[in-house]
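The structure under discussion appears below in the form of structure tokens.
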Amino acid sequence: MKANERIYRIWAPQDSPWSAWAKPVLFSGLFAGSNQALETLEVSYKFDSRTMLVLDIPGKQGVEVALAFARIGYRPVPLYNGVYTLEGQMLVDCAGIQRALNDYAATLRSLRISANAPPAFMLDADRMAFGGKVPGKYDNRWCVFPQDMPSALFLKKQGISRVSVRAARIQTDLQHILYSYQKEGIQIFHWDNKSGTDKEITLSKPIGFAGLFYRIRLLAGLTRNAAGGFGGKVPEPMDGGGGGFYGGFG
Amino acid sequence: MDAAEFFILLGTMVVTAWFLIKWYRCLFLGDDLRRQTPIRWLFGMLPFVVLAGLSYTLRVWASFDVVDDELYRSFYTVIGFSWLALTFLLMRVFFDLSWIDDALHRNNHAAAIALIGGALGGMAIYCGANVGDGPGWWCVAFAGLLGLGAWALLGCLTGVITRAFTRITVGRDVDCGIRFGGFLLASGLLLARASAGDWTSAGMTVVEFGAGWPVLPLTALFILVERLWARGEGDRAREEETQPRLYSVLWALFQLLFAIVAIALLPAL
């Protein structure tokens, strides 16, 4: 087994029902792997097997927070979908995340997480931080779609009835997913840093919710990568084409 | 082969080459750690199945000036592969089903099954449009696009009404994928029959397209059954455990049987 595949399997073990949603994109790069378990953050949060976590936190801090939740029994599930490259300057710098996934793999392996542990889905809050395509740069902005996370029905089957979100703000792409959960009777909570508690929220229906062309419209503004995920060099006005361009049929 | 046919051949050759290169490149190249072999091989076989179907149709049922002419058979085969690309594009736009995003990168088996059913349904319509005599490629294009348009419209309608698209792509409901894939193939067969026949005029082709009327009761039946299947969404978790996959397979087979019997009962071409 290759090093990157070994590390991916630590983050997405075959015995976890949530591994089907883990994204392999950031694991396809250059990995040497770390053999030492590293120190991790600590969180004061009461484990609840009925609660799923969504960690929408920027950069490698997201990986560190996920590890802290893994220590109390949650299964971290990386959903990072922006490609890491050495080809040029990336719009979303995911080098830190990739390094953290690599470095903390040994720590995660050392934790004994139950096969039916509730999930902690990991997102990069900076995934769409930069407005649009910049010529000459590597556009690896990405977003999360309802297809990237389990359905409300699946969550219920796994005994999940609450979702707690750790994010500075709930971004529109995530709102589409959370609203679909709310519609099916799952309670949504937003972690309040000041009070250190979960506060139940009621989301309003996002524009274009469950629309047939929602995914296509959203994808149109991003740069796809043929190997999966998002990433490709935005051509300069005088360039012949962009590296890793992906388009066309289906 | 006249100038128009030459340019169509050239254009469709470019589209076909682009489609097939991208198809196999996405299937077998790259370093995606989660691409599963069964879906890769299933999708890898699809162009060969399409080629076999096209070859048989063009050798046996096509226009008299095509069956014995290798150049024209190649011409319609190349167009056929562009048709396959078009079918996937329509499924992407109108059914929200993507072979790359859903089947390959998300390893969604439900989407893979529905997409295979859809691809075969779309290709059946093209094969149907090639059946019968006609003065040129536009007869095939007209009848085929009529069929493909109706197929996409009905598929979109059923998907939206039954929420099949969401259940396949978000819920990864394999049973729903089997049932919807069966519907796409069965409706494709019925509309293939509607698109088949000798060419007389565009108007007559539209009139003769009415032969595909059994697709309407099939669609109504599919919507009814799918709505009943999905009834009581709150309890679906419990329901699904008691619904063997066999029922979905049998329902998909029933739809195919319905299409075959309906075609057999229609007047011969």
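The values are calculated or read from the model by the stated rules, or taken from the named source; none is laboratory data. Computed from a predicted structure; not experimentally measured. Cβ placement follows ideal geometry from the backbone for every residue including glycine, while neighbour counts extend to all protein chains displayed. Surface areas here come from the heavy atoms of the whole protein model, side chains and all, with no ligands, DNA or RNA. Shrake-Rupley method; radii C 1.70, N 1.55, O 1.52, S 1.80 Å.
Pairing chains A and B buries close to 3300 square angstrom of accessible surface in total, based on protein heavy atoms and a 1.4 angstrom probe. Per-residue ellipticity at 222 nm from helix content only, as computed over the protein assembly as shown with -39500 (n - 2.57) for each DSSP H run of at least four residues, stands at -16500 deg cm²/dmol.
Using θ = phi - 60° in the Karplus curve 6.51 cos²θ - 1.76 cosθ + 1.60, the 3J(HN,Hα) couplings for region A:163-172 round to 10, 10, 9, 10, 7, 5, 8, 8, 6, 4 Hz; x is entered for Gly and Pro. In the distance distribution for region A:117-250, Cα-Cα pairs more than 23 Å apart total 44 percent. Computed over chain A, the alpha-carbon pair-distance distribution with 5 angstrom bins reads 1, 6, 13, 18, 19, 17, 13, 8, 4, 1, 0, 0, each value a whole percent.
Atom-type composition of the exposed protein surface of region A:60-212 places 47 percent of the accessible area on carbon and sulfur (1.4 angstrom probe).
Geometric descriptor of region A:47-194, per residue, is 113 Å³ (volume of the convex hull of the Cα atoms). Inter-chain neighbour count for A:9-17: the average number of beta-carbon atoms from partner chains within 10 Å of each residue's beta-carbon is 0. Solvent-accessible surface of chain B, averaged per residue with a 1.4 angstrom probe and all protein chains in place: 43 square angstrom. What a 1.4 Å probe finds exposed on region B:4-72 is 73% carbon and sulfur by accessible area, rounded to a whole percent.
Once the partner protein chains are put back, region A:194-221 shows a loss of at least 10 square angstrom of accessible area, versus the chain by itself, at A:Leu212, A:Phe213, A:Arg215, A:Ile216, A:Leu219 (probe 1.4 Å, ligands and nucleic acids excluded). Give me the angle, in degrees from 0 to 90, between the Cα long axis of helix B:3-28 and the longest principal axis of the Cα atoms of chain B, rounded to the nearest 10. The answer is roughly 30 degrees.
Chain B gives an Rg/Rh value of 0.99, both radii derived from C-alpha positions and Rh following Kirkwood.
Taking Cα atoms only, the orientation of helix B:137-162 departs from the longest principal axis of chain B by about 10 degrees. At 1.4 Å probe size, with the rest of the protein present, what percent of the exposed accessible area of region B:156-217 is carbon and sulfur atoms? Here carbon and sulfur together make up 74 percent of the probe-accessible area. To the nearest 10 degrees, how steeply does helix B:245-265 sit against the main Cα axis of chain B, on a 0 to 90 scale? Value to nearest ten degrees: 30. Gyration tensor analysis over the Cα atoms of region B:141-225 returns equivalent ellipsoid semi-axes of 28, 11, 10 Å (largest first, whole Å).
Solvent exposure of region A:74-221, expressed per residue, is 42 Å² of accessible area, with all protein chains present and a 1.4 angstrom probe.
Any idea what log10 I(q)/I(0) is at q = 0.05, 0.11 Å⁻¹ for the protein assembly as shown, Debye with uniform C-alpha scatterers and no solvent? So the normalised log intensities are -0.23, -0.98.
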